[in-house]
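See structure below.
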Amino acid sequence: MKRNIIAMLNMKGGVGKTTLCKEVAYYLSKNEKKVLVVDVDPQGNLTQSIFEKFNYKHHYESETEKNKDYEVCTATISQVFEYKSIVEGVKKENFILELNEYFSIIPGDLNAVFFERSSGSSESENALKNFIEDFEIRDEYDYVLLDCPPTFSFYTTAALLASDFYISPIHPDSYSILGIDLLYQVVDRLKAVYRDRFKSLPLDHLGVVFSNIPREGSIQQGMKDMMLDIKDSEVLKSLDVHFFGEPFRVNSSIPKKIDYFIADSSSDYSYANLRKVVKELDFRIDFFTKKQEQEV
Ligand SMILES: Nc1ncnc2c1ncn2[C@@H]1O[C@H](COP(=O)(O)OP(=O)(O)O)[C@@H](O)[C@H]1O
Ligand SMILES: [Mg+2]
């Protein structure tokens, strides 16, 4: 089976999960790959950014007047979490908003905030996975990227149960080693609890991407040393953690404008950086695909 569902995962906030998710996804779509992003984080930052860029609002934010200067979206992740099975009348458009030929989103919405408490049932934890299978999402898209919240919660479980891979942006600091170690423990525990699911469909770590890293010329020695220490740590070596060779570099426009996207900007530097990160991502997917073919 095609493996192209990737969760952005790190239990820390502010490390660049959402930014890397939207930049990689949009870059791929501009290069005529068919991409679906899923906003699994109830904070909904990914949705806010993409709605701003493509001029959409949620139906519950929309005013009633006729001459609206934006489009209204009714698709939401909440409906995916409530998904049970394909029945007559259930259309993909209830869940997925197509932004253009190559780029689609399952948007986050306010109601999704309440799923954590109300659910906990295996039915809703498996809903995203079942939706992806029933609607043959793996075949329909070249890439599916899931943006996860920083907590380990119902949302992360739902995302990982649906995923083939996860990738972890980190900002290098003295807690990073413990953070990745903990992440592996949590994923291992999840794999043990849901062993049947992971027996038939593996979940592999594409690797760690250092994110929000200054340009080569302006990066301080302290940060360089920190990155080396993290890569060389005994703990992470024993876990066989893969590190992307290319970091995701700082771009000062990113935090200033939520509708800024590198693939539309005039920054050759950021574009080339993003291209290298995406190339490594493809390389890692190929690596696991070949490995699996050899095992079969
Ligand atoms: N490459 C980058 N260059 C500049 N700012 C960045 C970059 N990546 C992330 N940021 C900023 O860092 C903050 C946290 O990023 P975000 O993607 O929201 O992290 P997370 O999703 O992990 O919480 C945001 O303000 C974002 O704009
Ligand atoms: Mg985020």
Compactness of segment 140-212 as Cα Rg over 2.2 N^0.38 Å, two decimals: 1.15
Whole-number percent relative contact order across the chain, with pairs defined as alpha carbons under 8 Å at least 6 apart: 26 percent
Kirkwood Rh in Å, taken over all unlike Cα pairs in the chain: 19.8 Å
Choice from 148, 21, 73 with maximal GNM fluctuation in the chain (Cα, 10 Å cutoff): 73
Most fluctuating residue given options 31, 45, 251, as computed from a GNM of the chain linking Cα atoms under 10 Å: 31
Partners for residue 276 among aspartates and glutamates (Cα-Cα distance below 13 Å; same-chain residues under 8 apart left out): 23, 246, 268
Segment 83-115 versus segment 24-48: alpha-carbon centroid distance in Å: 13 Å
Protection proxy ranking of 177-184, 205-212, 88-95, 165-172 - average other beta-carbon atoms within 10 Å, highest first: 165-172, 205-212, 177-184, 88-95
Exceeding the 20 Å Cα-Cα cut-off - candidates 22/57; 17/256; 129/237; 129/199: 129/237
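Read-outs throughout are calculated quantities, based only on the coordinates presented, and are distinct from any laboratory measurement. Quick caveat, the model's predicted, so the values are computed rather than measured. Cβ sites come from the backbone with ideal geometry, for glycine too, and all protein chains shown count toward neighbours.
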